[in-house]
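The values are calculated or read from the model by the stated rules, or taken from the named source; none is laboratory data. Please read all numbers here as calculations on a predicted model, not as lab measurements. For neighbour counting, all protein chains shown are included, and Cβ atoms are generated from backbone atoms with ideal geometry for every residue, glycine included. Note: accessible area is taken over every heavy atom of the protein model, side chains too, but ligands, DNA and RNA are not part of it. Shrake-Rupley method; radii C 1.70, N 1.55, O 1.52, S 1.80 Å.
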Amino acid sequence: MDRRGQRALRVVFLGTPEVAVPTLARLLDLGHDVPLVVTQPDRPAGRSSSPQPPPVKRFALEHGLPVAQPPRVRDAAFLESIAAPRPDVLVVVAYGRILPDPVLAAAPLGAVNVHFSLLPAYRGAAPVQWAIARRESTTGVTTMRIATELDAGDLYLQAPVAIEPRERAPALLARLARAGADLLATTLAGLASASLPPLPQDASRATYAPILTRADGGFDPAWTAAEIDARIRAFDPWPGVWASVSGRRIRLIDALPIPGRSDRPPGTLVEASDDGVIVACAGGTRLELREVQPDGSRGMTAAAALRGRRLALGARLEPPA
């Protein structure tokens with residue numbers, strides 16, 4: 001029995017980034033047996049470029065859990081390592097690889113994914129970032145039985161989560177990670193008692209959240225002030241939003257849509273304000289640019305960039321070269 005008096009399960013956990021750690025921690029808190037944690041191989045990071053363990057590996061080792069980091073998920077050896085602990089269920093949170101059918105069938109209760117959207121909305125690798133970029137007011141978490149088609153498996157449970165008006169992707173991800181851990185706990189209880197039948201998704205309502213690329217961070221003068229602000233918050237910390245001003249790349253770190261209209265061409269730096277530099281945007285909207293990072297420099301206030309001639313009134317923000 002787990003600590004709520006329900007049947008404890010043997011769970012093989014697959015996950016990699018920080019956002020997966022709360023779910024693994026909750027499994028241990030509830031008293032489930034985690035005989036194996038599978039995560040991505042160590043990757044070079046930092047100025048030294050030395051291999052660094054992913055957050056899930058660090059957490060697992062700190063708690064004495066066995067860890068596997070297979071370079072390939074389609075090898076027979078990987079399937080054997082998953083099946084050897086005889087798990088009741090696989091739990092997958094942002095593992096970073098598509099699992100083949102034999103792995104998904106390695107546990108009698110299947111493989112449960114914690115997905116950070118209200119499926120079938122925002123299927124794909126970056127649901128949180130695209131939900132902010134598209135100015136949604138609500139997103140959520142879903143537990144789903146993993147199927148071969150990406151994020152198209154049957155649903156167990158869902159919980160909506162409001163997106164705060166000025167929220168950036170890291171903060172929203174952290175909140176969704178905690179909500180996902182709660183939802184998984186309830187889902188496993190339902191699976192253990194055979195009281196949670198999966199429900200099929202309505203594929204006709206599916207939308208997609210593709211993996212982010214560097215090109216997604218390119219500035220477009222066709223965006224309104226609200227659209228620019230949303231992308232700045234969505235694509236933090238990567239890929240960011242980058243523009244070109246007077247031939248030099250500059251990252252837009254923080255900005256705020258402000259009242260009033262401007263008839264100047266979109267992207268034009270029209271005036272200095274108490275808190276930054278005001279930019280004319282599409283549709284006559286206006287954006288107060290507050291913090292920037294010139295390429296090769298540290299982040300600074302827009303006012304400091306103006307004083308240092310990194311920005312100039314009358315210049316225009318344009319797509320980066």
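For the chain, find the longest principal axis of its Cα atoms and tell me its angle to the long axis of helix 21-30, 0 to 90°, nearest 10. So the helix axis and the longest Cα principal axis differ by about 30 degrees.
In the neighborhood of residue 157, defined by Cβ-to-Cβ distances under 12 Å, what is the net charge if each Lys or Arg adds +1 and each Asp or Glu adds -1? Around residue 157, the surrounding residues sum to -1. Helix 225-234 and the longest principal axis of the C-alpha atoms of the chain enclose an angle of approximately 40°.
Along its three principal directions, the equivalent ellipsoid of region 1-107 from the Cα gyration tensor extends over semi-axes of 23, 18, 10 Å, largest first.
For the chain, with all protein chains present and a 1.4 Å probe, just round the carbon and sulfur fraction of the accessible area to a whole percent.
53 percent
Helix 169-192 sits at what angle to the longest principal axis of the chain, using alpha carbons and giving 0 to 90 degrees rounded to 10? Tilt relative to the chain: about 20 degrees.
Per residue, region 169-321 exposes an accessible area of 48 Å² to a 1.4 Å probe, with every protein chain left in place. FRET efficiency for the pair residue 208 and residue 186, taken as 1/(1 + (r/R0)^6) with r the Cβ-Cβ distance and R0 = 30 Å, rounds to 0.65. Counting charges near residue 230 (Lys, Arg +1; Asp, Glu -1) among other residues having Cβ under 10 Å from its Cβ returns a value of +1. Within a Cβ distance under 12 Å of residue 50, other residues only, what is the Lys/Arg minus Asp/Glu net charge? Charge balance in the 12 Å sphere: +1. Around the Cα centre of region 200-282, unit charges on the Cβ atoms of Lys, Arg, Asp and Glu (plus for the first two, minus for the last two) sum to a dipole of about 300 debye. Every helix of 4 or more DSSP H residues in the chain counts as -39500 (n - 2.57), and over all residues that averages to -7000 deg cm²/dmol at 222 nm.
Pop the C-beta distance of residue 275 and residue 50 into the FRET formula with R0 = 45 Å and round what comes out to the nearest 0.05.
Efficiency computed from Cβ-Cβ geometry: 0.65.
Each of residue 135 and residue 220 was given a label point 7 Å from its Cα along the Cα-to-Cβ line. The distance between the two points is 1.4 nm.
Cα convex hull, the chain: 150 Å³ per residue, rounded to a whole number.
Any idea what the alpha-carbon Rg over 2.2 N^0.38 Å comes to for region 201-307?
Taking N as the residue count of region 201-307, the ratio is 1.16.
Convex hull volume of the Cα atoms of region 142-191, normalised per residue: 84 Å³.
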